[in-house]
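Structure first, then comments.
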Amino acid sequence: MMKLNRTTAKVNPAPPARILQFGGGNFLRGFADWIIDVYNEKSADPMGVLVVKPTKRGDYQAWREQDGLYHVLTKGIRDGELMDEKHLVKCVGDIIHPYHNWEAFLSSAENKDLRFILSNTTETGIRFSAADQWKDEPPAEFPAKLTRWLYHRYQHFKGDPGMGCVLIPTELLVDNGAELKATILQYVDAWNLDAGFKTWLEEANTFCNTLVDRIVPGVGKEEMAAALAQVSFEDEMITQGEPYHFWGIEAPLAVREEWPLDKIGLNIIYTDDLTPYRTSKVRILNGAHTAMVPVGYLYGLTTVRETVEHPIMGAFVEKVIFDEIMPTLDMKEEELKKFATAVLDRFKNPFIHHQLISIALNSVSKFKTRLLPSLLEYSQRKGDLPEGIVLSLAALIRFYKGVYDGKTIPVNDEAWATSFLAAAWDENDGSAEGTATLVRKVLSWEEAWGEDLSTVPGLQNMLTTYLSEMDQGGIAQIVKRISA
């Protein structure tokens, strides 16, 4: 099998670099760079990527030896059909490691063609550190490195407003573009950089908030031999993602016209407000996960796929999504149905083995952010309670007892949550009144929910009934009844 490079693959050099990219992990390779490559294939103005290694560890030497090439495998279910595709990504032209070559990193700011800046440095990557000093080569934090790069560009081009950049971070933070801008301005103040640079940052550069969604797990050791056989090359940077992808970008009209990513047939949108998209993702995708975990686990299932393909539990998950969560959202029903259908396809992906118990981490706070808003909104709009969501809360409470059907449950949450629920269960004598008291304590737990849920009409009675039924006849009978 041949080593992958541009000679063996018989492909041309990458297009001129117009994108500076901080990071080169699985997500950026299997999401952003893959999208850029698809864009290039459909555009008369292709864009090359210059990758910056933002952390000290590692060197991407194998990627350099492959001339920036690598394959993305797309495996999973789309529109109900199994798909398994490969794509050779050709847009990455060069890689700079600031810890090994600081001058090359700064000098890249002198490239007038570089226009867009992408990043994915984890949720904690966009932060300010007072330990970062101007003299550091490089400073530790990603925004500090970027501030140095932008200041060098500002000086080199003498403040030319035409040399500003469009910054499109993909870190999983709300308003990530605004957060990045605010952090850079913190460094400007901390390092006493001149006022003209701050004005140039504000007026010549555009910071875009984004919302991204694609699972890119990479290729596991046990799958590697088959993956390399599929692409017919030795490829040390090969990665793998699911079919579903979404990139929402808040950007002004000028950016949309300059880089028409929304015109290439992928699930990419430009918008003035990402809020409804973010809400639908959290409520439907994350909410369905959080709803199915305690119910499916107590039912005796172990994975997401097993749960949604189960004839009864699958119906339960669909009820929660289509009948209980979607009616609480204000987006167009057609858009919501399309997204919900895609979510179910993702859950059924045979190439991703998502354990319920792994999703159970910090379930209390997850319920608060992902499912509680749907429960309260449903109650307000319908004057009734969403049975599936309430059952998931009952199952969560029962889950935190730590044992069910004679088996120990590996509860994994913050101490304040586990200690409260453990104490509540210790005080329950198993009687009907004891269970009712337990439910009252949990619903009045404002530290967890941010409010007193005991005032929600009917919620206490429904939870108490579900918990009693679980111990009398098991959870399966309840799931079957409410999913019918």
Item checked: Condition met for V320 (touching a Pro at 6+ places or on another chain (Cβ under 8 Å) and surrounded by 23 or more Cβ atoms within 10 Å (Cβ to Cβ)) -> yes
Going through region 146-190 in order, the residues found to be closer than 20 Å to T55 by Cα, of a type in the set (A, V, I, L, M) and without any contact (Cβ under 8 Å) to a residue 60 or more places away in the chain are L150, L167, L172, L173, I184
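Are there any helices (runs of 4 or more DSSP H) wholly within region 131-225 with 3 or more residues that are under 19 Å from the mean Cα position of the chain (by Cα), and if so which?
Working: elements: 142-156, 176-190, 195-204.
In region 131-225, the matching helices (runs of 4 or more DSSP H) lie at 176-190.
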Here, strands (runs of 3 or more DSSP E) confined to region 73-120 with at least 3 residues that are modelled with pLDDT of 95 or more and touching a Ser or Thr at 6+ places or on another chain (Cβ under 8 Å) are 81-89
Only one of (1) closer than 25 Å to E258 by Cα; (2) touching a Leu at 6+ places or on another chain (Cβ under 8 Å) does not apply to V166, and that is (2)
Next on the checklist: Looking for something surrounded by fewer than 22 Cβ atoms within 10 Å (Cβ to Cβ), touching an Asp or Glu at 6+ places or on another chain (Cβ under 7 Å) and either on the phi < 0 side of the Ramachandran plot or not in a loop (DSSP other than H, G, I, E, B) (or both) - is there at least one such residue anywhere in region 18-41?
Outcome noted: yes
Pairing a residue in region 191-216 that is not assigned by TED's automatic domain parsing to the domain that holds C165 with any residue that is hydroxyl-bearing (S, T, Y) and buried (at least 19 other Cβ atoms within 10 Å of the Cβ), where Cβ atoms lie under 9 Å and the two sit 6 or more apart in sequence or on different chains, gives none
Filtering region 49-82 for residues that are over 24 Å from V11 (Cβ atoms) and surrounded by fewer than 20 Cβ atoms within 10 Å (Cβ to Cβ) leaves a count of 9
Apart from one, (1) in contact with a Phe, Trp or Tyr (Cβ under 9 Å, 6 or more places away or on another chain); (2) buried (at least 19 other Cβ atoms within 10 Å of the Cβ); (3) under 24 Å from V216 (Cβ atoms); (4) not basic (K, R) all hold for I264; the odd one out is (2)
Within region 267-300, residues closer than 29 Å to M313 by Cα, under 16 Å from the mean Cα position of the chain (by Cα) and surrounded by 18 or more Cβ atoms within 10 Å (Cβ to Cβ) come out as Y277, S280, K281, R283, I284, L285, G287, A288, H289, T290
Within region 469-484, residues under 16 Å from W425 (Cα atoms) and surrounded by 17 or more Cβ atoms within 10 Å (Cβ to Cβ) come out as M470
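Residues are listed down the side, and each one gets a yes or a no for (1) under 25 Å from the mean Cα position of the chain (by Cα); (2) outside the structural domain of A225 (by TED's automatic domain parsing):
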residue: K10; (1), (2): no, yes
residue: G24; (1), (2): yes, no
residue: A32; (1), (2): yes, no
residue: Y39; (1), (2): yes, no
residue: A44; (1), (2): no, no
residue: V51; (1), (2): yes, no
residue: P54; (1), (2): yes, no
residue: R57; (1), (2): yes, no
residue: Q66; (1), (2): no, no
Filtering region 406-456 for residues that are touching a helix residue (DSSP H, G or I) at 6+ places or on another chain (Cβ under 7 Å) and of a type in the set (G, A, S) leaves a count of 8
Output for Cβ contacts, cut-off 9 Å, separation at least six or different chains, first residue at pLDDT below 95 in region 327-353, second surrounded by fewer than 13 Cβ atoms within 10 Å (Cβ to Cβ) and not in a helix (DSSP H, G or I), reads F351/D84
Within region 324-356, residues closer than 22 Å to P276 by Cβ, crowded, with 18+ Cβ neighbours inside 10 Å and polar (S, T, N, Q) come out as T328
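Looking only at region 406-455, count every residue that is among the β-branched types (V, I, T) and buried (at least 18 other Cβ atoms within 10 Å of the Cβ) and tell me the total. Step through it out loud before you land on a result.
So in region 406-455, the residues among the β-branched types (V, I, T) come out as 408-409, 411, 418, 435, 437, 439, 442, 455.
Adding the requirement that they be buried (at least 18 other Cβ atoms within 10 Å of the Cβ) leaves 409, 411, 435, 439, 442.
So the count comes out to 5.
Among the residues of region 226-248, write down those that are in contact with a strand residue (DSSP E or B) (Cβ under 9 Å, 6 or more places away or on another chain) and part of a loop (DSSP other than H, G, I, E, B).
Start the filter on region 226-248 by keeping residues that are in contact with a strand residue (DSSP E or B) (Cβ under 9 Å, 6 or more places away or on another chain), which leaves 227-228, 230-231, 233-248.
Hits for region 226-248 are F233, D235, E236, M237, I238, E242, P243, Y244, H245.
The values are calculated or read from the model by the stated rules, or taken from the named source; none is laboratory data. Everything quoted here is computed from the prediction, not taken from an experiment. Don't worry about glycine lacking a Cβ; one is built from the backbone with ideal geometry, like all the others, and counts go over all protein chains shown.
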